[in-house]
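J.: Here you go, one structure.
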Amino acid sequence: MELSSSASVSNETSPLWRRWKEDGDPEAKKRIIEIYTGLVDFVTSRLAIGLPRSVAKEDLTSYGIMGLIDAVEKFDYQRGLQFETYASWRIRGSIIDGMRQADWVPRSVREKAKRIEDAYQKLEQQYLRSVTDSEISSYLNVPEQDFHHMVQEVSVTSICSLEDPIREEETETRASLLVDDRAVKPEESVRNIFVKESLAKAIEKLTDKERTVISLFYYEELSLSEIAEVMSLSPSRISQLHSKAILRLRGSLGRNKHYLMQE
């Protein structure tokens, strides 16, 4: 990400935040947005990986800029938290919301993704282990090669990463939890612990290659093409492993969905 270190950025923006939040100076707000525009490029580039050509990067950038502006308007700089983290959530949420509203994924593709997700959920609950591609394709009553094609086709639906299968609330709620972490309710703390435990157990059920892809993509923040080089596999194969991992996680976590959504 093309940004200076957190300390130098913070030193540069502290006076600007005061002018913007306390004095309402629009020029200070404009300058803050300019400084953090690189965040939009960073988040957009990561989300654009694997998307169909019909999704223009310019549209993603436009959604991201709106998210950045929203973040600048709502961020409380006096809490001492990192703006980069908060803004990244806002930018990402704005892009995803924009794509959802545009309805860029055909219904047939969403239905296939749901079928695969349900298959993982049912079979892994039945066998209490990670199921194979052949078992999934047999359950779906399609040749294994067709199943691989289905996984590749639905890869665009995994853009929402790990948040969707765990908890299906709006982006604002997630971001507000991040900022207002000193006011977390007791029941929310318990639920968060349960979420982490459920996710950890679900990740344990992934194959070795799937776990590697998830780790490199979400924790090391490598692109799919970079992961392909690390694992000596083709980018399309990495995309397929990523999609299967996300669908498998959604299936595993689906059993806990109602609990996780309780207020």
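Read-outs throughout are calculated quantities, based only on the coordinates presented, and are distinct from any laboratory measurement. This is a predicted model, so every value here is computed, not measured. FYI the Cβ positions are ideal-geometry reconstructions off the backbone, even for glycines, and counts take in every protein chain you see.
J.: Under a point-charge model restricted to the Cβ atoms of Lys and Arg (+1) and Asp and Glu (-1), what is the dipole moment magnitude of segment 6-102 relative to its Cα centre, in debye to the nearest 20? Let's see the in-between values first.
T.: On the way: 14 positive and 14 negative charges, 54 e Å.
For this selection, approximately 260 debye.
J.: Read phi for every residue in segment 235-245 and hand back ³J(HN,Hα) as whole Hz from Karplus 6.51 cos²θ - 1.76 cosθ + 1.60, θ = phi - 60°, with x for Gly and Pro.
T.: My calculation for segment 235-245 gives x, 5, 5, 5, 4, 5, 5, 4, 5, 5, 4 Hz in order.
J.: Also: Apply the a/c threshold of 1.5 to the C-alpha gyration tensor of segment 47-141 and tell me whether it is rounded, prolate or oblate.
T.: Values: a/c = 3.78, a/b = 1.88, b/c = 2.01.
Cα axes put segment 47-141 in the oblate bin.
J.: Just tell me which lysines come within less than 18 Å, Cα to Cα, of K196; anything on the same chain fewer than 8 places away is out.
T.: Result set, ordered by chain and number: K185, K205, K257.
J.: Sticking with the crude label model, points 7 Å out along Cα→Cβ, report the distance from K201 to E111 in nm, one decimal please.
T.: 3.3
J.: Right, something else. Taking a threshold of 25 Å on the Cα-Cα distance, which of the pairs K30/K74; K201/K244; K114/K201; K74/K114 fall above it? Spell out each step's value before the answer.
T.: Details: K30/K74 14 Å; K201/K244 16 Å; K114/K201 21 Å; K74/K114 35 Å.
K74/K114, as the Cα separations exceed 25 Å there.
J.: Counting Lys +1, Arg +1, Asp -1, Glu -1, what net charge surrounds K21 among other residues with beta carbon under 11 Å of its beta carbon?
T.: On the way: positive: R18, R19, K29, K74; negative: E22, D23, D25, E73, D76.
Once positives and negatives cancel, what remains is -1.
J.: Something else about it: FRET efficiency for S225 and T37, Cβ-Cβ distance as r, R0 = 30 Å, nearest 0.05? Please list the in-between numbers first.
T.: On the way: r = 24 Å, r/R0 = 0.80.
E between S225 and T37, to the nearest 0.05, is 0.80.
J.: Next question, about the same structure. Can you give the net charge of the other residues whose Cβ lies under 15 Å from the Cβ of L140, counting K and R as +1 and D and E as -1? Numbers along the way, then the final one.
T.: Values: positive: K112, K114, R115, K122, K244, R248; negative: E111, E117, D118, E124, D133, E135, E144, D146, E153.
Summing Lys/Arg as +1 and Asp/Glu as -1 gives -3.
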